[in-house]
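Engineer: Mind having a look at this structure? Questions to follow.
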Amino acid sequence: MNTDNQPCPRCPDGTATVATVSPSGNIWTVYMCRVCHFSWRSTEPKRRTESALYPEAFRLTAADMAAAPDVPAVPPLRRNP
């Protein structure tokens, strides 16, 4: 299994690690970013796996992540009467 860290295509500060590999034949590897939690398979096209080719509109910065709302919003805790 390849456990080398990979740069995240979506966020500039991210480093991804191996989340899992194909159960037989070592055909694909799934990586997951430790910062933005973006995940991708090694078999996806380069526009999804390489930072320089990842669509600008979908990239995230640390400021974007800090300002992101909780979706769905967490409702207040109910109290039993």
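Engineer: Check which residues have an amide H placed less than 5 Å from Cys11's amide H, if you skip close sequence neighbours.
Structural biologist: Those lying under 5 Å, H to H, from Cys11 are Leu60.
Engineer: Sticking with this structure for a sec: In the set (1) 14.5; (2) 17.2; (3) 12.8, which value of Kirkwood radius over Cα pairs in Å was calculated from the structure you see?
Structural biologist: Only one listed value fits the structure, namely (1).
Engineer: So if R0 is 22 Å, what FRET efficiency would Glu44 and Thr17 give, r being the distance between their Cβ atoms, rounded to the nearest 0.05?
Structural biologist: Working: r = 17 Å, r/R0 = 0.76.
It comes out at approximately 0.85.
Engineer: Enumerate the calculated ³J(HN,Hα) couplings along region 54-61 in order (Karplus 6.51 cos²θ - 1.76 cosθ + 1.60, θ = phi - 60°), each rounded to whole Hz, writing x wherever the residue is Gly or Pro.
Structural biologist: 5, x, 3, 4, 9, 6, 10, 10
Engineer: Right, here's the next one. Residue by residue, what Karplus-based ³J(HN,Hα) values in Hz, rounded to whole numbers, does region 38-53 have, using 6.51, -1.76 and 1.60 with θ = phi - 60° and x for Gly and Pro?
Structural biologist: Coupling constants for region 38-53: 5, 10, 7, 8, 5, 8, 6, x, 4, 5, 10, 10, 10, 4, 5, 9 Hz.
Engineer: Using θ = phi - 60° and the Karplus form 6.51 cos²θ - 1.76 cosθ + 1.60, what ³J(HN,Hα) does each residue of region 67-76 get, whole Hz, x for Gly and Pro?
Structural biologist: So the J values, rounded to whole Hz, are 8, 5, x, 6, 10, x, 4, 7, x, x.
Engineer: Per DSSP helix of 4 or more residues, -39500 (n - 2.57); summed, then divided by the residues of the chain. What does that give at 222 nm, rounded to the nearest 500?
Structural biologist: On the way: 2 runs with 10 residues, N = 81.
Taking each H run of at least 4 residues, the total per residue is -2500 deg cm²/dmol.
Engineer: Something else: Give me the net charge for the shell around Phe58: Cβ to Cβ below 15 angstrom, other residues only, Lys and Arg +1, Asp and Glu -1.
Structural biologist: Computed value for this residue: +1.
Rule-based calculations on the coordinates, nothing more; no lab input. Because the structure is a prediction, the values reported are computed rather than measured. Glycine also receives a Cβ, built like all others from the backbone with ideal geometry; neighbour counts cover every protein chain displayed.
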